[in-house]
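Scroll down for the structure; my scribbles are underneath it.
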Amino acid sequence: MDEYSCFVDWDKMDVSAQSQDTKELTCTDFHELKQLARQGYWAKNHSLRAKVYHRLISNIPCRTVTPDANVYRDIVVKIIGKRSSSSLPLPEFVDNSLIPTYCLNTEGVGAVRKIILCIANQFPDISFCPALPSVIALLLHYSKDEAECFEQVCRILACNDPSKRLIDQTFLAFESSCMTFGDLVNKYCQAAHKLMVAVSEDVLEVYSDWQRWLFGELPMVYIARVFDVFLVEGYKVLYRVALALLKFFHKVRAGQPMESDSIQQDIRAFVRDIAKSVSPERLLEKAFAIRLFSRKEIQLLQMANEKALQQKGITVKQKR
């Protein structure tokens, strides 16, 4: 197909949604980029999306010493050696999270594990990052080789712009974002919040799944559309989409009996099968239709929640 397809199983990819006319993306204006990302301008052309991802990620401001593709080529043999990557234990910080295979071929699935292990080697300060396997798996679809994918993920992890939050890398950041999501649900999705309170013993446990809905359960076509916007607009997009998922779950399931004995499992199953009820366009429309929602508000909530957790002494994941 193209230079960005060595890890893609094209039988799993929705090729009918791909248009072959290679468009270029020349615009640099933030507002125009934002519109194009939300409309899915590069979603229908595989190599265009790969080039756009490459460009957006290359523009992320990073720490001076950020591991690049050459570092990967140097360390991968030392770390993996002749062993099969499927036999290697993953670092604790991915918290046993699902490694989504999306539309990767067998080589791609093995490559995700190799890249995670090399990142663990280069980022000793990461202590909790359950979204990482999904981000790597997604970016591999749009990378020429493992080393390029590794470099792009490193840039996302090494972002040093204080106003640009990208991926949670500590338990404190992750847990405070779950509390923040709970605050936002309480404010912007009151009907869904009432349902959660009524049917779950621990509502925060339900909300602590919010990143897993996106980075784990959402099908490839959906998470790629979310990622298009996330790379342009940042972290708040993730909150918006997770709120939209909860709103749709509540709308589709309101009044119906629960399918399993846990609302957590029900929401995960709903997100996995979202294509039955909601298109990617409709999901993003709903996400961006939530009014009165600012980055400032999220930052303030996040800071307050981090402070509250620190005061309770909760900064690392407790062993169950």
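The values are calculated or read from the model by the stated rules, or taken from the named source; none is laboratory data. Everything quoted here is computed from the prediction, not taken from an experiment. No Cβ is skipped: glycine too gets one built from the backbone with ideal geometry, and neighbour counts run over all protein chains shown. Keep in mind that these areas ignore ligands, DNA and RNA; they rest on the heavy atoms of the full protein, side chains included. Shrake-Rupley method; radii C 1.70, N 1.55, O 1.52, S 1.80 Å.
Residue-wise test of (1) more than 22 Å from the chain's Cα centre (by Cα); (2) surrounded by fewer than 17 Cβ atoms within 10 Å (Cβ to Cβ).
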site: 35; (1), (2): no, yes
site: 38; (1), (2): no, no
site: 48; (1), (2): no, no
site: 56; (1), (2): no, no
site: 87; (1), (2): yes, yes
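For the structure I just gave you, tell me whether residue 251 is closer than 27 Å to residue 57 by Cα, open to solvent by 30 Å² or more (accessible area, probe 1.4 Å) and charged (D, E, K, R). Criteria not met by residue 251. Search region 120-132 for residues being in contact (Cβ under 8 Å) with a residue 40 or more places away in the chain and part of a helix (DSSP H, G or I), and hand back the single one that is nearest to residue 152 (Cα to Cα). Once the filter is applied, the top-ranked residue is 122. Taken over region 122-178, residues that are among the basic types (Lys, Arg), at pLDDT below 95 and either touching a Lys or Arg at 6+ places or on another chain (Cβ under 7 Å) or within 27 Å of residue 4 (Cβ to Cβ) (or both) amount to 1. Going by the conditions given, is residue 82 of a type in the set (D, E, K, R), under 22 Å from residue 6 (Cβ atoms) and free of Cβ contacts under 8 Å to residues at least 12 places away in the same chain? Against the criterion (of a type in the set (D, E, K, R), under 22 Å from residue 6 (Cβ atoms) and free of Cβ contacts under 8 Å to residues at least 12 places away in the same chain), residue 82 qualifies. For residue 307, state whether it is open to solvent by 70 Å² or more (accessible area, probe 1.4 Å), under 22 Å from residue 176 (Cα atoms) and either of a type in the set (Val, Ile, Thr) or outside the structural domain of residue 41 (by the TED database) (or both). Yes, satisfied.
When region 152-190 is limited to residues that are in a helix (DSSP H, G or I), farther than 20 Å from residue 215 by Cβ and touching a residue at least 60 places away in the same chain (Cβ under 8 Å), the one that is least open to solvent (accessible area, probe 1.4 Å) turns out to be 188. Might you let me know whether region 200-207 holds any residue that is surrounded by 21 or more Cβ atoms within 10 Å (Cβ to Cβ), free of Cβ contacts under 8 Å to residues at least 60 places away in the same chain and on the phi < 0 side of the Ramachandran plot? So far as region 200-207 goes, yes, one or more of its residues are surrounded by 21 or more Cβ atoms within 10 Å (Cβ to Cβ), free of Cβ contacts under 8 Å to residues at least 60 places away in the same chain and on the phi < 0 side of the Ramachandran plot. Has region 98-107 got at least one residue that is more than 20 Å from residue 147 (Cβ to Cβ) and either acidic (Asp, Glu) or over 18 Å from the mean Cα position of the chain (by Cα) (or both)? So far as region 98-107 goes, no, none of its residues is more than 20 Å from residue 147 (Cβ to Cβ) and either acidic (Asp, Glu) or over 18 Å from the mean Cα position of the chain (by Cα) (or both). Within region 89-102, the set of residues being out of contact with any Pro (no Cβ under 9 Å at 6 or more places or on another chain) and buried (at least 16 other Cβ atoms within 10 Å of the Cβ) comprises 91 only. Close contacts from region 272-300, counting a first residue that is farther than 16 Å from residue 187 by Cα and a second that is open to solvent by 70 Å² or more (accessible area, probe 1.4 Å), with Cβ to Cβ under 6 Å and a gap of 6+ residues or different chains, come to 280/221. Could you pull out the residue among 241, 252 that is modelled with pLDDT of 95 or more and either out of contact with any strand residue (DSSP E or B) (no Cβ under 8 Å at 6 or more places or on another chain) or farther than 30 Å from residue 28 by Cα (or both)? Answer to the selection: 241. Any residue at all in region 44-62 that is more than 26 Å from residue 3 (Cα to Cα) and out of contact with any His (no Cβ under 6 Å at 6 or more places or on another chain)? The answer is yes, given that some residue of region 44-62 is more than 26 Å from residue 3 (Cα to Cα) and out of contact with any His (no Cβ under 6 Å at 6 or more places or on another chain).
For region 124-151, the set of residues classified as of a type in the set (Val, Ile, Thr) and surrounded by 22 or more Cβ atoms within 10 Å (Cβ to Cβ) consists of 135, 136, listed by residue number.
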